[in-house]
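Inspection log for the structure reproduced underneath, given as structure tokens.
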Amino acid sequence: MSKFRKKKKGMPAVNTAALPDIVFMLLFFFMVTTTMRETDLKIDAPRLPSASEVKKLEHKSLVSTIYVGKAKDPKYGTSYNRIQLNDKIGTADDVPAFIMNARLKVSEAEVPFMTTSIKADKESNVGTITDIRLKLRDVNALKISYSASKGGSNN
Amino acid sequence: MARRENPEINAGSMADIAFLLLIFFLVTTTMNVDSGVSKKLSEKPPPDYVPPIIKEKNIFEVNINRNNELLVEGERMEVKDLKDAAIAFIDNGGGEGNVEEGVKTGPCTYCKGERSESSSDHPNKAIISVQSDRGTEYGTYLTVQNELLRAYSELRNRLSMEKYKIPFSELEEAYKDDKENEALKKKVEDIKKSYPQIISDAEPTN
């Protein structure tokens, strides 16, 4: 009789002690492989052109990014030529200040290795890019990278 | 006294906490690898700078108009033909090379081009000049730049295959992994010097 009653007690609880370990493993994987989103985009995410001769950007801390594209806020107009520096929409004239600001954060020896990555939309105008480029040249930020997704050419 | 067993600590919520952290990271981070076409801008010329006189035949002119059409050396061209045209120009080898550090490079011995009188003298003299309109689409501009870079990498790969039996892209990769290796460095520099990338951006037209 007593044996019979014991069975009725129900299933033993499933041991889930290993579950946190698995989840932590996933967590560490994500912590290691990803990077923090640094800025809020004030423009629509640029549709990057694709190119075959792309190089990976190394040393993320030495990269400052300039976004060019269409502003989300319609008060800035609907053209694809708005420039975003840090968290706000600016003009090409703000570029030197932006670069100088970025330079403050790295040691002097590393300044020549700093790269400016231009993430511009496919439909932006070359004129806007040229304006940025001239300003970059004024402050001697000569390494630039035109952001592009890796893919075939001829499209 | 009977030994009492340690009461088990309830770790049931540990998984929840870990999940919470995991989801936080999933949301706030990005995984994309940044890649792009890298370029080096030329330095700002001093105010009294006089640009050197370059022979017309050593300049490969690429114009992009505001309708994203190409004009190469005065003739209309499709983007897909640009790479081959650029290769023909760079690899022409019709004359003497530059004098570098007091040493004459002489005629281009590794060039496979036509050695035409009207095209470039030597890869180290060949200049590609890209001029675009302010209204040109950036996508087209970058495609053109990419095609020109492809022309250079094809030539570099070819030369590297001939000299060292390994494509230049792999040679460069190997050098990146082993920066100390002087022999590799020499090879990379040699190929780079044989086909230097000289692509200049002219002021855009309005």
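The values are calculated or read from the model by the stated rules, or taken from the named source; none is laboratory data. The structure displayed is predicted, hence computed values, not measured ones. Every residue, glycine as well, gets a Cβ built from its backbone with ideal geometry; the counts of neighbours run over all protein chains shown. Note: areas computed on protein heavy atoms with side chains; ligands, DNA, RNA excluded. Shrake-Rupley method; radii C 1.70, N 1.55, O 1.52, S 1.80 Å.
Exposure check, 1.4 Å probe, all protein chains in place: B:Thr205 carries approximately 60 Å² of accessible surface.
Test of the criteria: in region B:14-115, which trypsin sites (Lys or Arg not before Pro) are in a DSSP loop and have at most 15 other Cβ atoms within 10 angstrom of their Cβ?
Taking region B:14-115 and a limit of 15 other Cβ atoms within 10 Å, the loop trypsin sites (Lys or Arg not before Pro) found are B:Lys55, B:Lys112, B:Arg115.
Rg and Dmax of chain B, based on Cα coordinates, read 26.9, 107 Å. Where both bridge residues fall in the protein assembly as shown, DSSP classifies roughly 55% of the beta bridges as antiparallel. In this simple spin-label approximation, A:Phe29 and B:Asp81 carry label points 7 Å from Cα along the Cα→Cβ vector, and these lie 5.1 nm apart.
Which lysines does A:Lys70 reach when only Cα atoms under 16 Å apart count, and residues fewer than 8 places away in its own chain are ignored? Correct list for A:Lys70: A:Lys42, A:Lys88, A:Lys119, A:Lys122.
Accessible surface of region A:58-146, 1.4 Å probe: 50 percent of it comes from carbon and sulfur atoms. Electrostatic bookkeeping for B:Ser35 treats Lys and Arg as +1 and Asp and Glu as -1; over the other residues with beta carbon under 12 Å from its beta carbon, the sum is +1. For the protein assembly as shown, the residue among A:Ile132, A:Gly151, B:Pro45 whose Cα projects farthest onto the positive side of the dipole built from Cβ charges is A:Gly151.
Rounded to the nearest 500, what is the 222 nm mean residue ellipticity of the protein assembly as shown from helices alone, with -39500 (n - 2.57) per DSSP H run of 4+ residues and division by all residues?
Calculated at 222 nm, the ellipticity per residue is -11000 deg cm²/dmol.
Relative to the 2.2 N^0.38 Å rule of thumb, the protein assembly as shown has a C-alpha radius of gyration ratio of 1.37. Ordered from largest to smallest accessible area (heavy atoms of protein chains, 1.4 Å probe), the residues B:Phe19, A:Phe24 come out as B:Phe19, A:Phe24.
Within region A:58-146, antiparallel bridges make up roughly 40 percent of the DSSP beta bridges whose residues both belong there. The Cα center of region A:70-121 and the Cα center of region B:116-180 differ in position by 28 Å.
Heavy-atom accessible area, probed at 1.4 angstrom with all protein chains present, ranks A:Glu123, B:Glu147, B:Glu203 as B:Glu203, A:Glu123, B:Glu147, highest first. Can you give the FRET efficiency to the nearest 0.05 for A:Ser107 and A:Ala13, using r as the Cβ-Cβ distance and R₀ = 56 Å? The formula returns an efficiency of 0.50 here. Taking all protein chains as they are arranged and a probe of 1.4 Å, the heavy atoms of A:Tyr76 leave approximately 90 Å² accessible to solvent.
Count Lys and Arg as plus one, Asp and Glu as minus one, and take only other residues whose Cβ is under 13 Å from that of A:Arg137; the net charge is then +1. For region A:58-146, the equivalent ellipsoid derived from the alpha-carbon gyration tensor has semi-axes of 24, 12, 11 Å in decreasing order.
For peptide A:141-151, the mean count of partner chain Cβ atoms within 10 Å of a residue's Cβ comes to 5. If the chain linking B:Ser116 and B:Glu43 were pulled fully straight, counting 0.36 nm for each residue of separation and taking away their Cα-Cα distance, it would gain 23.0 nm.
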